[in-house]
1. So for each of 319-325, 170-176 I average, over its residues, the number of other beta carbons within 10 Å; can you give me the resulting order with the highest mean first?
2. Return the inverse of the average 1/r over all pairs of distinct C-alpha atoms in the range 214-356, which is the Kirkwood hydrodynamic radius, in Å to one decimal.
3. Taking just the alpha-carbon atoms of the range 220-268, what radius of gyration and Dmax come out, in angstrom?
4. Highest first, please rank the peptides 136-144, 262-270 by the mean number of other Cβ atoms sitting within 10 Å of their residues.
5. Could you give me D for the range 120-189, from Stokes-Einstein at 20 °C and 1.002 mPa s, where the hydrodynamic radius is the Kirkwood radius over C-alpha pairs? Units µm² s⁻¹, please.
6. Roughly speaking, what is the centre-to-centre gap between the range 271-297 and the range 234-256 when only Cα atoms are used, to the nearest Å?
7. With labels modelled as points extended 7 Å from the Cα through the Cβ direction, what inter-label distance (nm, one decimal) is found for residue 152 paired with residue 340?
8. So, by mean Cβ neighbours within 10 angstrom, what's the order for 329-335, 244-250 with the highest one leading?
């Protein structure tokens, strides 16, 4: 027919029906008309792009049909899960914003990881020696914050019971924690003893239950256990007191931060082990009187004040005797002299005004 308009013939496009697994032919003009209409959106109908081939394997068709069938259920389950979620945590008014639960969790985490990673406020040497009637310890009262003399009236000698004395150099906060631990243990043993009154030879008092040897052995175990947990107490401790079977023999022991323990008649920590210990070993003898022992310790503390920049001339001396128990002196200052030739003579050609 002449007046009849004929539609252009283009190669047909083949489409696949996922539900029937059959092919149908859609004319290009009909396809463009369908594309011009606004698409109808269906909720939960994911689009899956397939290749333009009519000869797909049946296994792939079955997999695509299963994916379409399971998509609405999975999406509805995810929406249900999101609807049942707990409401967000309220914001915190603290600096930095964030939720209050987050700040609480971070604070708990910080509290759980608190430890002395390195010494901050430290004390220097502690000296100890035995003499005829007992044991004597000596230390200065300075606690340094790095190179600054921070606290000048800090006692680093502590009595544990009525027969034991400890002194420590190193981190002062760790020494305070160690002192509290020993005092707590001494009080607990005293309260659980058969008698609250000291009885000679009966083991009924605080002093009878906490001899110096027991405290020294306990500290060795504590230091070694903390070292194994990678959280050591940064102290070198001297333990002095009366020991032996009858409690009348002088005892002096040392424990460091990794649990190394030993005993001797003259001991020192810090720079004292290099500067004061040779002097004490040269002048010590078993029959030293109390005055001679005190003078020897003061001489060693004076040398440390001259040579150790973390030492101080305000000192304390403590003793444990067979009869008098534990006695810690009040802090006092030792006399110093700076007219020695090695102090007066200029060093490094600095005898002028400092110029060339």
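FYI, it's all coordinate maths here, none of it is from the lab. What you are looking at is a predicted structure, and each value in this text was computed from that prediction instead of being measured. Neighbour counts are summed over all protein chains in view; Cβ atoms, including those assigned to glycine, are modelled from backbone coordinates with ideal geometry.
1. So the peptides 319-325, 170-176, ranked by packing, come out 170-176, 319-325.
2. By the Kirkwood definition, the hydrodynamic radius is 17.9 Å.
3. Looking at the range 220-268, its Cα Rg and Dmax stand at 12.4, 38 Å.
4. By packing density, highest mean first, the sequence is 136-144, 262-270.
5. Roughly 164 µm²/s, to the nearest whole number.
6. Centre-to-centre (Cα) distance: 17 Å.
7. 2.2 nm
8. Sorting 329-335, 244-250 by mean packing, highest first, produces 244-250, 329-335.
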